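Nothing in this text is a laboratory measurement; each read-out follows from the coordinates by a stated rule. Note that the structure is predicted; figures quoted are calculated from it, not measured. Every residue, glycine among them, receives a Cβ derived from its backbone with ideal geometry; neighbour counts consider all protein chains shown.
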Amino acid sequence: MKQKLLFTLFSVFSCFSLFAQVEKLTVATNWLEDNKHELNIQEHHTFEMLFSRAGLAGETFRFYQMMNGVQVFDAEVTVHVSNRNTVTYYASTYKDSIQTINTTPSITETEAFNIALNNLNVEVSSIIQQERALFLINQNNETALAYRVFVQAYSKSGGWEVMVDAQTGAILSSKDIAIYYHGDKDKDKKKQANKQNKSVSFMATGSAMIYDTDPLTATSSAFGGQFVDGNDATNAALDAARTAVTLLDIELVGGQYRLRGPFTEIAELTSPNKGLFIQSTNNFEFNRQEDGFEAVNVYYHTDKSMRYINNDLGIALAPPQNGGVIRFDPHGASGADNSFYTSGTLNFGEGCVDDAEDADVILHELGHGLHDWITNGGLSQVDGLSEGSGDYWANSYKRSLGLWSVSDAARNFVFGWDGHNPCWNGRTTVYTGQYPTNLTGQIHTDGQMWATTLMEIWEDIGRNKTDRAFLEGLGMTNSGTNQENAAIAVRQAAIDMGTAGGYTCADIQAITDRFTAQGYNMPPYTCNLSVDEFAANTISIFPNPTNGIITLKNIKQEHNAIVFNMLGQKVKNQTVNITSNTMDVSNLVTGTYFIKFSDVDTVLKFIKE
Ligand SMILES: [Zn+2]
């Protein structure tokens, strides 16, 4: 949403006042204006607010640095406005050294795209997804106009970013920006990709056998004996370690069942091509030596985690790519003993223990995705922040199952089946390194500090409150955020959710104490949590975007809900309450809408597709 548009709306709505949205944007815009000096912003530099996310802790606005309508790559001031309409957190990757240059390119976007494909040695027919856009970047202390081309291709594992000089056509850089779960890969940066229209289908229920989270955790066993990889062979013990589960909302078309649902779907993204496991029965029972096993394992765990986030935590979150549905390749990454996340896709390798046999790997990769989507592509790997976030997401789930006792070392293992064995060491959430003294510069190693501290907080205040603060806090950060500033954001999210989110002063103190003990320098905070008057602000819409029925979450009383279009015209009017909390918007034309509720200062935005 562009800032100018919202200001226009403000005048249209002046008699109603579009409270939440406009007031918060005004607060954020005024704050940026007032803090230009502190942020060292040059007079001739400009910003556009191109993305905002309203969540349980308030609304976060991303002001992207611009010149003549061209975005400066990876440069933004991120401003968080609480439910009390005050700025409680900000983060800046503003680039003060950007010079004023000619922003009219000499080559076309298509020419740049072809130059990039040639550089990558990728055929058009092999492309899974692509992005291309014009940016300003700093290159060797000079500002350059460049096309950023991102390509994910079946024939070339990873997610490739090529910067092409928009004046000369020269390649400025070319690198794999996919995020791997171990190894030495760099940070990710991504934007929009193609949407995909779904064919008419029915949602069905399936049955399956999966590992929850892995055969050792399910049976309290140690690696060894029958519990070994054995070159992917199964045996009686490994079969018995499976758990029977229900697969929700899988696709049924023409009598064929497919692992495709409202949150996640199987796809063939990189070699090896093991197929999509489309079948005529809804019973997806496989053992670990069958390739369908990994497919079902990923469907089940990604679907379950996304439902938990959206339905249980009340945080609307989905990838911006592929119509909001994750795509996963259970046998990809060219077969490496590694997996990666890139641009809304999860890609699992098969070396040693198949990666998708261990929910820790699945949830770690999903954790990168959550971090990427909730920051609109502003995922940070400073101090291994995203690695630690993925490890936390995996261990938070594993520990919630309660299958290991406190004295079991495996309770703290990340990659407890894929790693912690002769294949590789895996990672842990009882890492003893102190911040910043013991930072090694290796992102996977350093990320363990972050995951470890979050799990300590998890023990103190519980899973749901820690997960909520973790996600809402990450949503306030950007690509320049280090562990310490992420810790401050997570605590601030808990403060901003306040009592409406179930947080107490004791919770905030526990968060402060754990972060401080890890070595993060936490600003002083005197507890003064919001009270129930802000509870109304936690009403949210799901799913968003939508093409049919929307559900209003956290409706606590009866309201008259009025839907307005972008012109401020009333297009729908309905009474909603605790038991009747859905609205059918299928007859509205494609576009952005607002819902205002009687008796509360809340205006929500949604997109009709
Ligand atoms: Zn990773």
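Would you work out which of Ala57, Tyr257, Val122 lies farthest towards the positive end of the dipole of the chain? Charges go on Cβ: Lys and Arg +1, Asp and Glu -1. Farthest towards the positive end: Ala57. Phi angles across region 541-554 convert, under the Karplus curve 6.51 cos²θ - 1.76 cosθ + 1.60 with θ = phi - 60°, into 3J(HN,Hα) values of 10, 8, x, 9, x, 9, 10, x, 8, 10, 10, 9, 8, 6 Hz, Gly and Pro given as x.
Relative contact order for the chain: 11 percent, from Cα pairs under 8 Å spaced at least 6 residues apart, divided by residue count. Region 237-281 to region 103-131: how many Å between their Cα centroids? Each part reduced to its Cα centre gives a spacing of 33 Å. Summary of packing: across the peptides 207-214, 124-131, the per-residue average of other C-beta atoms within 10 Å ranks them, highest first, as 207-214, 124-131. Which FRET efficiency, nearest 0.05, do Ala506 and Glu558 yield, Cβ-Cβ r, R0 35 Å? The value I calculate is 0.55.
Report summary: the helix-based calculation at 222 nm, which adds -39500 (n - 2.57) for every DSSP H run with n ≥ 4 and divides by the residues of the chain, gives -8000 deg cm²/dmol.
Rounded to the nearest 20 debye, the dipole size of the chain about its Cα centre is 1680 debye, using +1 on the Cβ of Lys and Arg and -1 on the Cβ of Asp and Glu. The Cα-based radius of gyration and maximum Cα-Cα distance (Dmax) for region 382-531 are 15.0, 53 Å. Decide, for region 439-518, between rounded, prolate and oblate: order the square roots of the alpha carbon gyration tensor eigenvalues as a ≥ b ≥ c, take rounded if a/c falls under 1.5, and otherwise choose prolate if a/b is larger than b/c, else oblate. It comes out prolate by the Cα gyration axes.
For the chain, taking the reciprocal of the average inverse distance between every pair of different Cα atoms yields a Kirkwood hydrodynamic radius of 25.1 Å.
Taking every Cα-Cα distance in region 82-155 and sorting them into 5 Å bins starting at zero, the pair-distance distribution P(r) comes out as 3, 13, 18, 15, 13, 12, 10, 8, 5, 3, 1 percent. Of the complete DSSP H runs in the chain, those spanning 18 angstrom or more by Cα along the long axis with a mean Kyte-Doolittle score not below -1.0 are 291-307, 359-374, 443-461, 483-497, 505-518.
The calculated FRET efficiency for Asn141 paired with Asn68, based on their beta-carbon distance and R0 = 35 Å, is about 0.95. Between Met203 and Asp96, the simple spin-label model (points 7 angstrom out along Cα→Cβ) gives 5.1 nm. Remark: region 382-531 carries a charge dipole of roughly 220 debye about the Cα centre, counting +1 on each Lys and Arg Cβ and -1 on each Asp and Glu Cβ. Rounded, prolate or oblate for region 27-146? Axes are the square roots of the Cα gyration tensor eigenvalues, ordered a ≥ b ≥ c, and the cut-off for rounded is a/c under 1.5. It is oblate, given that a/c is not under 1.5 and a/b is not larger than b/c.
What does the charge count around Val563 come to, taking other residues whose C-beta lies under 14 Å from its C-beta (Lys +1, Arg +1, Asp -1, Glu -1)?
+4
Legend: ranking of residues Ser380, Ser52, Ser334 from fewest to most surrounding C-beta atoms inside 10 Å; resulting order Ser334, Ser52, Ser380.
How much length, in nm to one decimal, is gained on full extension between Asn231 and Gln279, taken as 0.36 nm per residue of separation minus their Cα-Cα distance?
14.7 nm
Equivalent-ellipsoid semi-axes for region 202-374 (Cα gyration tensor, √(5λ), whole Å, largest first): 24, 18, 16. Here the gap between Asn521 and Asn121, fully extended at 0.36 nm per residue and compared with their Cα-Cα distance, gives a gain of 139.3 nm.
With N as its number of residues, region 281-365 has a Cα radius of gyration that, divided by 2.2 N^0.38 Å, comes to 1.11.
An ellipsoid equivalent to region 375-468, defined through the eigenvalues of its Cα gyration tensor, has semi-axes of 20, 17, 13 Å when rounded to whole angstrom and sorted largest first. With a Förster radius of 51 Å applied to the C-beta separation of Glu48 and Thr432, the computed FRET efficiency comes to 0.70.
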